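The values are calculated or read from the model by the stated rules, or taken from the named source; none is laboratory data. All values reported here derive from a predicted model rather than from experimental measurement. Cβ: placed from backbone, ideal geometry, glycine included. Neighbour counts: every protein chain shown. Ligands, DNA and RNA are stripped out before the accessible areas are found, and what is left, the full protein with its side chains, is counted by its heavy atoms. Shrake-Rupley method; radii C 1.70, N 1.55, O 1.52, S 1.80 Å.
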Amino acid sequence: MKTLSRLFFIAVATVALSWFLPWLYNMVFPQTWRAPFVQYSPLTQHWVVSQFVRDYGDPDIFEVDKQGDVVGHYTVEQRDSLLPQVYYGRLMARGLMPDSICGVEVSMQLLRRNENVMSVSPRNVAMVQPEVWLIMESMPERFSLEDPKEAFRLTDDGRVEFITIATNTVNAERSRRFTDAFARNGFKYPARSLNANITTRKAYDNGYLLVDSAGVVFHMKQQAGRPYMTRIEMPDGETASCAFINETINREETGLVVTDSGHVYRLMADYELQPVPGLTFDMTRQKLMVVGNYFNRVYRVGSDKNILWYAVDSATGELLDTYSCDVPESVSQHVAAWLFPFSLCFTGDYDSHVFPRIVGLSPEALVLGAVLAIFVLVVYRRRRMSGVETVVAMVATVVLGIYVFVPILLISK
């Protein structure tokens, strides 16, 4: 019984320390590296990189040509002039905003109308999907968006069921209309993904982008209580994995479509699928951010190891240039690899689920484990512990390192 109690204490303490020690270490030594802000200058046709070298003060700003060479360093004010399509507000405040950019007459209204920022994270995809989805009225009577009054769900038997939120009752007539619309457009159940932007803090509502079980994209919204639904044919050989709504101010774009092969398509308002040249995207391990303006759209694809930027002409969809940088390993990360054989955590960077998971397996920590095992041998010899118990304790210390060394040391006293 005493042996079982000791083993239980060691096991519980090891689990607790494998979560607490890495968490405490990251609190004391946080990661300080920040990804640079990278934009494409329509004036010089070069990348302008703002690298943050510390948490305060001005960033290191430099320009990179198409060969990847640094061609100049700049102040913040000079950077603003190189990127007037991004920093037009600052330039206007200082009276430095040009009347035209690359031969195009510009104004605050034109640049603001063509601004667009959206992001896609693995956590947005790998999450528990709701069983009911809120839906807004895209043509409200008072011309201003209202909070959703209904929700809908897709049933297993191939129906769309609308539910009135206030009374929690099924709206049979609306359910029939939308079920018929889904059937007419050839929607195949169950749905792979549904995506909408349910908020009144936007200029208009463009409904949902849905992907059915066959990988076909559909655009669906509610107009005056009636269904509006369009089937978007995919290019030959492509099936959609997810589609993300993007309600741009200029209404030129409906959203982004990511295929099973990792290709990204820009879904235009006329339902043309415009490919983003050269870009591949793994939704399970990478984050995608799009920063668009009148002249170009910059797609940023980031992972734990590196970040890539793609500049695409806003008018033609042509790839202008690419830029990349590696995510450096900090000193604290390098030291942690020698201290901790792994880390126990309950949330992850790539999903929204909560469950125990082991991350950051590090073979370098076996060195520390071997040193601690020698110390365990000395302690157990002095306390005349049995040979079997000593060998088991040493092997556990080599593998689990400091996590098991602490409880073993305490229990041997």
Counting all C-alpha pairs of region 1-81, share separated by more than 18 Å (%): 62
GNM flexibility winner over the chain from VAL376, VAL48, VAL258 (Cα, springs under 10 Å): VAL376
Residue with peak Gaussian network fluctuation, the chain [Cα springs, cutoff 10 Å], from PRO190, PRO140, PRO235: PRO235
Options VAL104, GLY89, VAL125, ranked by Cα towards positive dipole end of region 52-133, top entry (Cβ charges): VAL125
Measure of compaction for region 112-223 (Cα Rg per 2.2 N^0.38 Å): 1.12
Accessible-area value, ASP260, 1.4 Å probe, nucleic acids and ligands omitted, Å²: 80
Net lengthening on full extension, VAL12/SER324 (0.36 nm per residue, minus Cα-Cα): 107.9 nm
Cα centroid separation - region 339-413 against region 1-51, whole Å: 19
Span-like helix ranges in the chain, DSSP H, alpha carbon extent 15 angstrom or more, Kyte mean at least 1.0: 2-28, 365-382, 387-400
Three-way shape label, the chain, alpha-carbon gyration tensor, a/c 1.5: oblate
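For a protection proxy built on the mean count of beta-carbon atoms within 10 angstrom, sort 204-215, 274-285 highest first, please.
204-215, 274-285
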Per-pair calculated FRET efficiency, R0 = 22 Å: SER138 and TYR271 via Cβ, rounded to 0.05: 0.85
Calculated [θ] (222 nm, deg cm²/dmol) that DSSP helices of n ≥ 4 give over the chain, each run adding -39,500 (n - 2.57): -8500 deg cm²/dmol
Lysine pairs meeting the criterion (Cα under 17 Å, 8 or more apart or interchain), as found in the chain: 4
Most mobile listed residue (SER175, SER386, SER241) in the chain, GNM with C-alpha springs under 10 Å: SER386
Solvent exposure, largest accessible area first (probe 1.4 Å, DNA, RNA and ligands not counted), of THR259, THR316: THR316, THR259
Listed residues LEU288, VAL216, VAL335: farthest to the positive end of the dipole of the chain (Cβ charges): VAL335
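Apply the a/c threshold of 1.5 to the C-alpha gyration tensor of region 47-90 and tell me whether it is rounded, prolate or oblate.
Because a/c hits 1.5 or more and a/b fails to exceed b/c, region 47-90 counts as oblate.
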Convex hull volume per residue in cubic angstrom - Cα atoms of region 162-318: 142
